[in-house]
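Beneath this line is the structure, given in structure tokens, with notes to follow.
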Amino acid sequence: MEGIIWHLYPRQEKGMIRGDDGLQLPFRKSALNGVEFRALFSGQKVSYRVQEGWLGNEAVEVRPLPVERAAKKDRNEMANSRFVVKIQAGDECISVPGEGAIISPNGLFMRDLRLPFGTAVVVQVGKAQDVVTLSGTVRTRNGDSGLAIEFTDKTEKVVRKLVALLAA
């Protein structure tokens, strides 16, 4: 099954998952598979299995899904978009239609995406050969609001190219 981490209780090393089916299930640190508890964040997409526990159903074999899978879009939607936004964070890559992003020379905001606060990212905005590449840092702390990235390289040349691309 798949769902999102709904809430974390760091002191007890427990959390709640809201499944794609709408059910909420608790999980414990011992139920994690291949990830440290402190690396989890609210809003993170996960896969899990349901098992009968001492107090009822609980999530076990909890593992984060790659961000690329969490942000998967229809290929036709991407092809018909004015431009595409690609976000590279370590080994993970997110590609979304540009219409789903609010972009300025200072940064961008996208709903329904999450990355940990402070994550360094490389953002590419463009279509075909016309691409602007910017580096930035995730500045969102609240997983419910979406993903905010502040661009760290704001040279005049890059800003002019970005503005021209967005105006086209």
Some residue of the range 157-165 being in a helix (DSSP H, G or I), charged (D, E, K, R) and surrounded by fewer than 12 Cβ atoms within 10 Å (Cβ to Cβ): yes
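Table: residues versus (1) part of a strand (DSSP E or B); (2) over 12 Å from Val85 (Cα atoms).
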residue	(1), (2)
Val96	yes, no
Glu99	no, no
Ile102	yes, no
Gly118	no, yes
Val122	yes, no
Val125	yes, no
Val132	yes, no
Ser135	yes, yes
Every residue from the range 1-47 that is assigned to a strand (DSSP E or B), over 22 Å from Thr119 (Cα atoms), aliphatic (A, V, I, L, M) and in contact (Cβ under 8 Å) with a residue 40 or more places away in the chain: Ile17
Count of the range 101-117 residues which are touching a strand residue (DSSP E or B) at 6+ places or on another chain (Cβ under 8 Å) and farther than 25 Å from Gly3 by Cβ: 6
Every pair of residues 6+ apart whose Cβ atoms lie under 9 Å, when the first sits in the range 80-100 and is at positive phi while the second is in a strand (DSSP E or B): Gly90/Ala120; Gly90/Val121
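The numbers here are math on the coordinates, done by the rules we state, and not lab data. If you're wondering where the values come from, they're calculated on a predicted model, not measured in any experiment. Cβ atoms come from the backbone with ideal geometry, glycine included; neighbour counts cover every protein chain shown.
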